[in-house]
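Trainee: Please see the structure below; I have some questions.
Where a number appears in this text, it was derived from the coordinates with a stated rule and is not lab data. Just so you know, these numbers come straight off a predicted model, no measurement behind them. When we count neighbours, we look across all protein chains shown, and the Cβ atoms used for this are built from the backbone with ideal geometry, even at glycine.
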Amino acid sequence: MSRLTRGTETTLESEGHRDETPADTVSGRPPHAGTRPPRLHEAEGFVGTIARGWAADDVRPALAAGTAEAAADHRRRLVERLPGRTIVVSSGRAPRRNGDASYGFRPDSDFVWLTGCQAEGATLVLRPAADGHHATLYLPPPARPGETAFFGDPDHGELWVGSSPGVREWGLALQIEAQPVEALAGALEKCSGAWATPSVAERHVAAYGLVREGRLSATLSDLRMIKDEWEVEQLRLAVDATVGGFEAVMHEVPTAIDGLGERWLQGTFDRHARTHGNGPGYSTIVGSGPHAPTLHWVRCDGPVLPDLPLLLDMGVETTTLYTADVTRTVPPSGSFSPEQREVHDLVERAHRAGMAQVRPGIQYTDFHFAAMEVVATGLHDWGLLDVSVDEALSPAGQQHRRYLVCGIGHHLGLDVHDCLSSEYEDYMGALLQPGMVMTVEPGLYFHAHDLTVPPELRGVGVRLEDDLLVTAEGHEVLSDGLPIDARGIERWARQHGGTGTAPSGGGTGR
């Protein structure tokens, strides 16, 4: 029997050891049986040996090019809107899942927008200064050798979770003053009356007289509504990776039909999103047949039926945390039935009508009303409305919404439903501006147990969703790597339905 000691191989026999069996082992019990296992932080021998013999592990933040500059500009824009204000924003903490297990950490979106930092338990303090503001980022230092937390904290100790950047490394990478989080209390003592976002811990709000001011969240939401060039590039990357994810999922449809079902396709996309980004930007929706009309079918626990439409609502979140949000409804067999195609064609007409309204100077909700007019007219022509189209579209009517109860678009960015803290007049009541990124996503949802629709339509759900950038001239469809017409989708489904080559990370053109 041999062992390695500081790189030199020695044998137990060469050190004078002999094969001696402890007396307690002979009696059937190991040494120290019946006693409480030692607490390592109380064991002097362990504490001494675990603290030494470690090489320095220089870890730097893995930031996308332009992150620091974009975050600095975002801070500038905020303080221009709220001059003279002291502002506190935190990254937050991972919530508990169950027992002592936590969910994976995802930082607060406002914090990321202002800092580019994704560290858990970090806080940004913005103070008024002669040049506009002074920013300080407070971060938990890594628990490194020589500290009890190095081996004693399973949530954050580097022996448990791996090495991470230090405070100095974060400051250099983000071009911001960075301090250990232990200095935060002293800073907050001078911040009574400062505005705090919802991500700031309640204990800090109460202890230091901070104010949860809704105007701060609303201002951040309004500012985030207009994406700069760097943000648009992140969203392009998210959409391109998502298109590749659709190809990956379609490639696995035959396997899902053979028995692995919706879960297999959900897992396929989530694996793709983790490989080509941070992960899925929201819970992936895979709904086959009667599950397709369920708006947020995230259980994904059913079979994939070959002859019924398969609704896929999926988005990759980039490593910078910007997400795509794209939906297509595909025929697993490669062809829609005549009835399914008719539904898809109506949704497509509504989709195109909605997208045609996306351009600067048009009120945000115009795309909604344009798409709804097409939907209501089509349903009336099919005999599914017992009132006129005008009555259905009136505020007191809305009978057509039985088959489309959800909204049909939203802003997109760091959150899949971005900018939700904005007031109505600054969101739905506002005019579209260049730099906005939004979805358009009409659909029709005929549930299997809905007796108001003919049997051939029951259990058919169709949604089309694209991600659009508002430009100075109109709009750009960022997700145009996927077709939207029924014939094009059929060709695409046959091309990627398990008979072609393995999918790539990005998308392909129409």
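Trainee: I need the P(r) histogram for segment 340-483: all alpha carbon pairs, bin width 5 Å from 0 out to the longest distance, whole percents.
Mentor: 2, 10, 18, 21, 19, 13, 10, 5, 1, 0
Trainee: What is the sum of charges, Lys and Arg at +1 and Asp and Glu at -1, for the other residues whose Cβ falls under 13 Å from the Cβ of Val47? Intermediate results must be reported in sequence, preceding the final value.
Mentor: Working: positive: Arg39, Arg52; negative: Glu42, Glu44, Glu147.
Net local charge, Val47 excluded: -1.
Trainee: Within a Cβ distance under 15 Å of Pro107, other residues only, what is the Lys/Arg minus Asp/Glu net charge? Don't jump to the answer; show the numbers that get you there.
Mentor: Details: positive: Arg93, Arg106, Arg224; negative: Asp108, Asp110, Glu120, Glu317, Asp415.
With Lys, Arg at +1 and Asp, Glu at -1, the neighbours total -2.
Trainee: Can you give the FRET efficiency to the nearest 0.05 for Gln363 and Asp390, using r as the Cβ-Cβ distance and R₀ = 22 Å?
Mentor: Numbers: r = 21 Å, r/R0 = 0.93.
It comes out at approximately 0.60.
Trainee: Give the order of Cys117, Cys406 when sorted by the count of other beta carbons within 10 angstrom, beginning with the fewest.
Mentor: Working: Cys117 25, Cys406 13.
Result, fewest neighbours first: Cys406, Cys117.
Trainee: What does the charge count around Pro454 come to, taking other residues whose C-beta lies under 12 Å from its C-beta (Lys +1, Arg +1, Asp -1, Glu -1)? It would help to have the intermediate numbers written out before the result.
Mentor: Numbers: positive: Arg458; negative: Glu339, Glu342, Asp450, Glu456.
Around Pro454, the charge tally is -3.
Trainee: Gly157's amide H: which non-local residues (gap 5+, or another chain) put their own amide H closer than 5 Å, with H modeled 1.01 Å from N in plane and none for Pro or chain starts?
Mentor: Here nothing satisfies the definition.
Trainee: Can you tell me how much longer the chain between Glu80 and Val211 gets when fully stretched, taken as 0.36 nm per residue apart minus their C-alpha distance, in nm with one decimal? Walk me through the numbers before you get to the answer.
Mentor: Working: separation 131, 0.36 × 131 = 47.16 nm, distance 1.97 nm.
Contour length minus the Cα-Cα distance gives 45.2 nm.
Trainee: Let me ask something else about it. For segment 406-465, report the convex hull volume of the alpha-carbon atoms normalised per residue, in Å³, without decimals.
Mentor: Working: hull volume 7.3 nm³, N = 60.
Dividing the Cα hull volume of segment 406-465 by its residue count gives 121 Å³.
Trainee: Pop a pseudo-label 7 angstrom from the Cα along the beta-carbon direction at both Asp381 and Arg36 and give the gap in nm to one decimal.
Mentor: 7.8 nm
Trainee: Scaled to the compact-protein estimate 2.2 N^0.38 Å, what is the alpha-carbon radius of gyration of the chain, rounded to two decimal places?
Mentor: On the way: Rg = 28.3 Å, N = 510, 2.2 N^0.38 = 23.5 Å.
Against the compact-globule rule of thumb, the ratio is 1.21.
Trainee: Still on this structure: Between His296 and Ala94, what is the spin-label point distance in nm, taking each point 7 Å from the Cα along the Cα→C-beta axis?
Mentor: My value for the distance between the label points is 2.3 nm.
Trainee: Cα axis of helix 366-381 to longest principal axis of the chain: angle in degrees, 0 to 90, nearest 10?
Mentor: Its long axis makes an angle of about 50 degrees.
Trainee: Separate question: For the pair Arg494 and Lys190, what calculated FRET efficiency results from E = 1/(1 + (r/R0)^6), where r is the Cβ-Cβ distance and R0 = 60 Å, to the nearest 0.05?
Mentor: Values: r = 66 Å, r/R0 = 1.09.
Working from the Cβ atoms, E equals 0.35.
Trainee: Another question, if that's okay. So what's the gap between the Cα centers of segment 90-163 and segment 427-481, to the nearest angstrom?
Mentor: 37 Å
Trainee: Right, next: Read phi for every residue in segment 160-170 and hand back ³J(HN,Hα) as whole Hz from Karplus 6.51 cos²θ - 1.76 cosθ + 1.60, θ = phi - 60°, with x for Gly and Pro.
Mentor: So the J values, rounded to whole Hz, are 9, 10, x, 6, 9, x, x, 4, 4, 4, 5.
Trainee: Enumerate the calculated ³J(HN,Hα) couplings along segment 201-216 in order (Karplus 6.51 cos²θ - 1.76 cosθ + 1.60, θ = phi - 60°), each rounded to whole Hz, writing x wherever the residue is Gly or Pro.
Mentor: Result, ordered by residue: 4, 4, 5, 6, 4, 6, 6, 10, x, 6, 10, 7, 9, x, 5, 5 Hz.
Trainee: Amide H to amide H, which residues 5 or more places from Gln179 or on other chains are under 5 Å from it, using H placed in the peptide plane?
Mentor: Leu137, Tyr138, Leu139
Trainee: Please give the Cα centre distance for segment 326-377 versus segment 216-238, rounded to the nearest Å.
Mentor: Here the two parts' Cα centres lie 26 Å apart.
Trainee: Once you have the alpha carbon radius of gyration of segment 229-496, what is it after dividing by 2.2 N^0.38 Å, with N set to its residue count? List each step's numbers first, then the result.
Mentor: Working: Rg = 17.8 Å, N = 268, 2.2 N^0.38 = 18.4 Å.
Rg over 2.2 N^0.38 Å, computed on Cα atoms: 0.97.
Trainee: Quote the relative contact order of the chain in percent (integer), defining contacts as alpha-carbon pairs under 8 Å separated by 6+ residues.
Mentor: Working: 996 pairs, mean separation 67.6, N = 510.
Computed value for the chain: 13 percent relative contact order.
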